[in-house]
Amino acid sequence: MSFAIDAFSFVVGFFTASVLWWLMGKARPLWEELRESLKVQREATQARRSSGVEDNHRRITLRRAQGMHLAAPLFALDEILQEPLLIAPPALVQPGAPPAAEDVVTQTLPYLPTWPELAAFYQAPTLTLSQALAGGRNLVLTGLPGTGKTVALAYLATLAANHNAKLGSLQEHIPFLIHVADLKLPISDARDALNPIIDVVDATAPVFDLSRVPGFVQLAFQSKRALLLLDGFDELTSEGQTIVTDYLKLLLQAHPETRIVTTGSFETLQGLLGLGFAPLAMMIWSPQRARAFMDQWGELWSKFVAMEAWAQAGPGQVDPLLLNAWMNIGNNHLTPLELTLKVWGSYAGDLRGPKVLDAINGHIRRLAPANTPPAALETLAMQVVLNAQPVFDPHKARQWVSHFEAPEESRLDGILEHPEAEQAPSEEEGAAEKGKKDKSPKAAQPAAPTFGLLSKMTASGLLSQHINNRMRFAHPIFEAFLAGRALSDTKGASDTILNQPDWIGKTTSLHYLAAHGDVSQIVNNLIGWSRLPMHRPLLMAARWLKDAPRDAAWRGQLMGALVGLLQTDGLPLALRGQVVAAFVLSNDPGALALFRQFMTSSSSDLVQLCALGSGALRDPKAVHSLELTLKSPIPSVRKATCLALVSIGTADSLELVANALIGGDETLRQASAEALANDPGEGYAMLKEGATLEDILLRRAVVYGLARVDEPWAVELLKTMRIEDAQWVVRNSAAEVLDYKTRLNPRVPRPLTAPAETPWLIEYAGKQGMGISPGAPATEILLSALKSEDDDARLASLPYLRRTPSEGVVTQLYHAMYRDDPELREGVYHVLMEMAAAGVKLPHPSQFGLG
């Protein structure tokens, strides 16, 4: 059957359809605009609905953050805070770009993220938290327990909660301050990635906000305004860290713009580096910042605490000026936690000895519930470490300490049968219960029930309770200190811990075991297990020297092994520098003589390191040896000598530096001026005077010294010299220094560009007749750059090669580390450290015919 097509109908239909399609095409932008407008209105409506929730959340976060520090029972965080700082890592090398500015510290002191004490003492370059975040990468703050990681997160939460302008582009971000123990993990679906965070926010939200919490959290992450501050990652075992990093991977898949800052230990960063986190080490307090903290504490104590009845009933109050002057003696190289506890104990009058161990013990006594036997606390801590359960189930913990429970605590049986009875009430339930009690006659109120030993420890602040009825010690140091004491009396338990995979509970407990018991066999094992390239077991034991008894049988054996490592030429300074730091912290008189003896060595690297060691110990007997090393032909040795002489601070040592500033060559003059910036007394005075003298080279050197002084008067003096100095060379130097201060710090970690989008690598590949495919790791080209004769290309290849730790890459990194190129050697060692922290098993160099 055939159909006839009516021509007129066809033309009309065709014309009508064309007009309709034309109108729809013209209207499409209007529809898109309308749809976008409706979306904006919908989001605005949702934002208005959640604005009240956001305000409440910021207020709750601020209140919590202000209590996340040791002295929270006495002061709010803002009252006693020393702003957290991070050790600035080496700047990434960009071929063709100007090199990052270096000073006398960065040119002599190796980058030691696991031993921040020397960096703090010599005032190495630092980053603020805001600066570190400005680079766009997520951060993991590394450091031993007590170095201030939790306070750093609390400080960030405070800034974010207050919309503080210091955060720059993150000023309007919403902080989610969470401890890993509060996360309900694991989860397997990225669509559920926000549920653990919603549960945590929900647990503290006001009752009227509960229905709006999910929408508020979802909007915060969807609008790219979420700042997740995750505490406690460093406290977990490797298995626990894997669970958390798997969760973070899902979270970043669902919400890739989320900014995250967490805590870690540089030795164990399970999975974080693979997610693009930048490890940055916490800087402990310099001597100047420690004095500022003590002065601040004394002022607040006199103003508030000394007026309390309990303080009046205690020992007589001592003048804070006298007390702080006394505490300034012998308190170098302490962590913020250690110094805080020593200061607190000194002011409270309950410090039973001059050692750090006495201060920790005193604070645990302060926190322990009344009439609780020390053995109960020690047993609980030891079982936590033996079972590798930093976050533990209270039901299991009750079994560990059940024989310490008092007979009258009969309600414990009911709690064991009904564990929900011991869960802490929510704020709303507590308020409702309080209201009921207030309305009841006082005589009718029942006696408070007894919840058992664990609840007493929670109420006293020694334990922390988390959602899902889980617990942990309030601080890893308290757990490790108590566990160490228990282990010293428990036969065979230390072997169990020694055989565990590395985690912070293991390493810190062994530290305090060494302070209380005999660890000769453990030290012997660790020395036997230690090997290149990291020597982790040996350096872990080296930490124990700080608190161990001077007459410990194992000290000599350990120090002998460390001396052997220090004397081995050709190893990275970053490895040998850890040995110097260990001797400085050891408080061993033999370290003074050792450094003086090695300063006569023919090895310039050894002399450089030992000069820094003598300065850190402020050894006046080393001045004569340093006078000789000041004449060394090796620039790095002379620069280290200047730092050491200023640190020693005697009249003779400062005179040597002053003579070098006045009569040395240009390099020595600049090193002397930069070193004087470490001395707020005589050093500052010399720089101020030097800025007015007629010697052009001296004034130019002073400019670089003033650049290291972080004080307003130094900036004003530089501005004056930039404009008013009679010599253009001085004016130019001052302008250069001031301009550098305004630039984005090149040491701030930034995301690496893809190899196919990296100009220097594209140019290098072109010269080699090679191409780079988009999305490919370009390993072959990067290895070629590593083996090339281009210094900058070799160094620039390292951050990329760290991401592909194959056997072939590790082999070439080892060969590069043993080349006669000191700068490349240090760069490779840093990359290998990060690989080891990420869980890569590094073979001994002898496997490749090296070392």
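The values are calculated or read from the model by the stated rules, or taken from the named source; none is laboratory data. Because the structure is predicted, anything quoted here is derived from the model rather than measured. Here the Cβ is made from the backbone with ideal geometry for all residues, glycine too, and neighbour counts use every protein chain on show. For the accessible areas, the whole protein counts, side chains as well, though only heavy atoms, and no ligand, DNA or RNA atoms are used. Shrake-Rupley method; radii C 1.70, N 1.55, O 1.52, S 1.80 Å.
Expressed as a whole number of Å, what is the distance separating the alpha-carbon centroids of region 501-571 and region 825-851?
Comparing the Cα centres of region 825-851 and region 501-571, I get a distance of 20 Å.
Pull up all non-local amide H partners of residue 174: gap of 5 or more, or a different chain, and H-to-H distance under 5 Å with H placed in the peptide plane.
Here 226, 227 satisfy the definition.
So if I take the centroid of the Cα atoms in region 102-131 and the same for region 661-713, what is the distance between those two points in Å?
Taking the Cα centre of region 661-713 as reference, the centre of region 102-131 is 20 Å away.
Please give me, ordered by residue number, the trypsin sites (Lys or Arg not before Pro) of region 215-275 that lie in loop per DSSP and have at most 16 other Cβ atoms within 10 Å.
On the way: sites: 224, 225, 249, 259; in loops: 224, 225.
Those that pass, being in a loop and sparsely packed, are 224.
By its C-alpha gyration tensor, with a ≥ b ≥ c as the square roots of the eigenvalues, how is the chain shaped: rounded for a/c under 1.5, else prolate for a/b larger than b/c, else oblate? Don't skip to the answer; put the middle values down first.
Values: a/c = 1.59, a/b = 1.09, b/c = 1.45.
Judged from the Cα gyration tensor, the chain comes out oblate (a/c at least 1.5, b/c at or above a/b).
Can you pull the one-decimal nm distance between simple spin-label points at residue 650 and residue 754, each 7 Å off the Cα toward Cβ?
6.2
How far, in nm, would the chain grow between residue 739 and residue 203 when pulled straight, counting 0.36 nm per residue and subtracting the alpha carbon separation? Walk me through the numbers before you get to the answer.
On the way: separation 536, 0.36 × 536 = 192.96 nm, distance 4.87 nm.
The span from residue 739 to residue 203 would gain 188.1 nm if fully extended.
Please report the spacing between the Cα centers of region 374-398 and region 760-779 in Å, no decimals.
Measuring centre to centre over Cα atoms gives 54 Å.
A 23 angstrom limit on the alpha carbon distance is what I want to check against. Which of 767/787; 396/506; 342/639 exceed it?
Values: 767/787 15 Å; 396/506 20 Å; 342/639 34 Å.
Long pairs (Cα-Cα over 23 Å): 342/639.
Tally up the carbon and sulfur contribution to the accessible surface of the chain as a whole percent, 1.4 Å probe, everything protein left in place.
Numbers: 21090 of 38410 Å².
After summing per-atom areas, the C and S share lands at 55 percent.
So, for the chain, what is the accessible surface per residue at a probe of 1.4 Å, expressed in square angstrom? Numbers along the way, then the final one.
Numbers: 38410 Å² over 851 residues.
About 45 Å² of surface per residue is accessible.
Could you give the DSSP H helices of the chain that reach 27 angstrom or more along their long axis (alpha carbon positions) and whose average Kyte-Doolittle hydropathy is no lower than -1.0? Walk me through the intermediate numbers first.
Details: long enough: 7-65 (80 Å, -0.38).
Correct list, ordered by number: 7-65.
Based solely on its DSSP helices, what 222 nm [θ] is calculated for the chain when runs of n ≥ 4 H residues each add -39,500 (n - 2.57) and the sum is averaged over all residues, nearest 500 deg cm²/dmol? Please report the intermediate quantities before stating the final value.
Working: 40 runs with 473 residues, N = 851.
Helices in the chain give a 222 nm mean residue ellipticity of -17000 deg cm²/dmol.
Separation between the residue 166 and residue 22 pseudo-spin-labels, each 7 Å from Cα along Cα→Cβ, expressed in nm?
6.4
Could you compute the net charge surrounding residue 527? Neighbours are other residues with a C-beta less than 13 Å from the C-beta of residue 527; K and R count +1, D and E count -1.
Values: positive: 531, 536, 555; negative: none.
Every neighbour counted, the sum reads +3.
Using amide H atoms built in the peptide plane, which far-off residues or other-chain residues are under 5 Å from residue 283 H to H?
85, 86, 87
How about region 804-851: which trypsin sites (Lys or Arg not before Pro) there are in a DSSP loop, with at most 10 other Cβ atoms within 10 Å of their Cβ? Could you put the intermediate results ahead of the total?
Details: sites: 819, 825, 841; in loops: 819, 841.
Sites meeting the loop and neighbour criteria: 841.
Can you list residues whose amide H is under 5 Å from residue 266's amide H, if they're 5+ apart or on another chain and H is modeled 1.01 Å from N?
143
How far apart, in nanometres, would the label points at residue 94 and residue 850 be if each is projected 7 angstrom from Cα along the Cα-to-Cβ direction?
So the label points at residue 94 and residue 850 sit 2.9 nm apart.
Report the GluC sites (Glu not before Pro) located in region 146-243 that are in a DSSP loop and have at most 13 other Cβ atoms inside 10 Å of their Cβ, or state none. Mind showing how you got there, number by number?
Working: sites: 172, 235, 239; in loops: 172.
Of the GluC sites (Glu not before Pro), the ones in loops of region 146-243 whose Cβ has at most 13 other Cβ atoms within 10 Å are 172.
Which of the peptides 100-112, 768-780, 656-668 is most tightly packed, and how do the rest follow, going by the mean number of other Cβ atoms within 10 Å of each residue? Provide the component values of the computation, followed by the final result.
Values: 100-112: 20.2, 768-780: 13.5, 656-668: 17.8.
Those peptides, ordered most packed to least, come out 100-112, 656-668, 768-780.
Of the DSSP beta bridges with both residues in the chain, give the percent that are antiparallel, rounding to the nearest 5.
Numbers: 10 of 28 bridges.
Taking every DSSP beta bridge within the chain, about 35 percent pair in antiparallel fashion.
Pop out the ³J(HN,Hα) list for region 269-277 in order, Karplus 6.51 cos²θ - 1.76 cosθ + 1.60 with θ = phi - 60°, rounded to Hz; leave Gly and Pro as x.
So the Karplus estimates, Gly and Pro as x, are 10, 3, x, 5, 5, x, 8, x, 5 Hz.
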